[in-house]
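Quick notes on the structure that follows.
The values are calculated or read from the model by the stated rules, or taken from the named source; none is laboratory data. Given the structure is predicted, the values throughout are model-derived calculations rather than measurements. Reconstructed Cβ throughout: ideal geometry from the backbone, glycine too, with neighbour counts over all protein chains shown.
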Amino acid sequence: MSNRENAPRNHQTETAKTTRRDVLAGTAAGIGLAAGALASASSAMAQSQTTGEYAGKTAFVTGAARGIGRACAEALAAGGANVVIFDIAEQIPDVPYPLATAEDLADTKAAIEAMGVGCISVQGDVRDFEAQKSAVDQAISEFGSLDFAIANAGITQIGALEGFDEAELSLVIDINLKGVIKTVQAATPIMREQGSGRMILMSSVTGRAGSANFPVYSATKWAVIGLAKSTALALGKSNVTCNAVCPTLVHTKLLDNDYILSSIVPGQSLTFEQFNEGAKGRHILPVGLYEPSRIGDCVRFLCGEGAALISGDVFDVGAGLNAQFPA
Ligand SMILES: NC(=O)c1ccc[n+]([C@@H]2O[C@H](COP(=O)([O-])OP(=O)(O)OC[C@H]3O[C@@H](n4cnc5c(N)ncnc54)[C@H](O)[C@@H]3O)[C@@H](O)[C@H]2O)c1
């Protein structure tokens, strides 16, 4: 029996010294935007009254309808950035726990707009390159640049390695690895033309150490770190940075769901409180599952001037867990 069959089913099924004018001109030439799109971007910029370290900049965040993606989008919006939020916002039938909904996506958009910045929501699948390309093109046509690309969308899978069938392997690899590759592919031509940009790829503590419980998921997260380093090498001379962020145990619906709570300890179904106690025991610092805003804070730093020379690196928000790893 596959791990999926075992699981309960879910209920529904710069630092470049480039001016904004240069960015627009260079980007439009590079990606072939029509003059109308440029006019629209100029108009959106003229209306932008935001302040903050990211005022006038634009972020693209995948998996932003809820959880860590939403926290990253909100952290950058709090710094004044306009945001394009991208999320599938509907159930993928073979994912054994509920994904975000269209309401979640609309709610996130409203929360970001309430911060006084522009927000475009796009319902799309990171497995679809054209959908991601169209979304980053909207960032340019509406806001005039693409400064930050946060490749965050992902799903989890728990169970013994031998229990995953072909479809389950493809699903997690297509979303967690190929989906992130497609985000990088969509953002690369724009950032290269701009001569600036920050990419942040969401990995995991399971991308830093092996995981018996999450073996295929862990493999995708190790791969994301390889992709971050390769992207940093490929785009460094274009003044584009790329780093990976590794959360440990974050309180989101990726972990707080029946599928995970009933599988994390064989033969036992945990309450969230029991799971959280276990997380407290695992973390070195005195915290259980922590809030996604902690990852938003890290991403906000990595997009800032203080991180201008950090690229090809891996940032663990590990609550001390990494103190146990070799240097
Ligand atoms: N929660 C944790 O403890 C934890 C730990 C380490 C790493 N991560 C990683 O952080 C990222 C975000 O996780 P989260 O905890 O916020 O999970 P989450 O399930 O709350 O959010 C993930 C979001 O991605 C969206 N999504 C899923 N598949 C998609 C697809 N094919 N196309 C577009 N959108 C899609 C979902 O709808 C959801 O809104 C993931 O990559 C995850 O692997 C999470």
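Please indicate, with yes or no, whether at least one residue in the stretch 113-121 is within 16 Å of the ligand (Cβ to nearest atom), of a type in the set (Asp, Glu) and farther than 13 Å from Phe148 by Cβ. No, that holds for no residue.
In summary, strands (runs of 3 or more DSSP E) completely within the stretch 108-205 and bearing 1 or more residues that are more than 21 Å from Ile88 (Cα to Cα) occur at 197-202.
Annotation note: Cβ proximity below 6 Å between a residue of the stretch 84-99 that is under 16 Å from Gly67 (Cα atoms) and more than 9 Å from the ligand (Cβ to nearest atom) and a residue that is modelled with pLDDT of 95 or more and in a loop (DSSP other than H, G, I, E, B) (sequence gap 6+ or interchain) occurs for Ile85/Ala64. Contact map, the stretch 139-155: residues that are of a type in the set (D, E, K, R) paired with residues that are within 16 Å of the ligand (Cβ to nearest atom), Cβ distance under 7 Å, separation 6+ or inter-chain. Pairs shown: Glu142/Ile120; Asp147/Ala59.
If you go through the stretch 253-291 and keep only what is in contact with an Asp or Glu (Cβ under 9 Å, 6 or more places away or on another chain) and either within 17 Å of Ser211 (Cβ to Cβ) or surrounded by 21 or more Cβ atoms within 10 Å (Cβ to Cβ) (or both), you end up with Phe275, Leu289. The set of residues from the stretch 58-83 being more than 8 Å from the ligand (Cβ to nearest atom) and assigned to a strand (DSSP E or B) comprises Thr58, Ala59, Phe60, Val61, Asn82, Val83. Quickly run through the stretch 207-264 and pick out the residues that are more than 12 Å from the ligand (Cβ to nearest atom), under 27 Å from Asp104 (Cα atoms) and part of a helix (DSSP H, G or I). Result: Asp258, Leu261.
You will find that of Arg294, Arg300, the residue that is of a type outside the set (Val, Ile, Thr), in a helix (DSSP H, G or I), at pLDDT 95 or above and within 11 Å of the ligand (Cβ to nearest atom) is Arg294 and no other.
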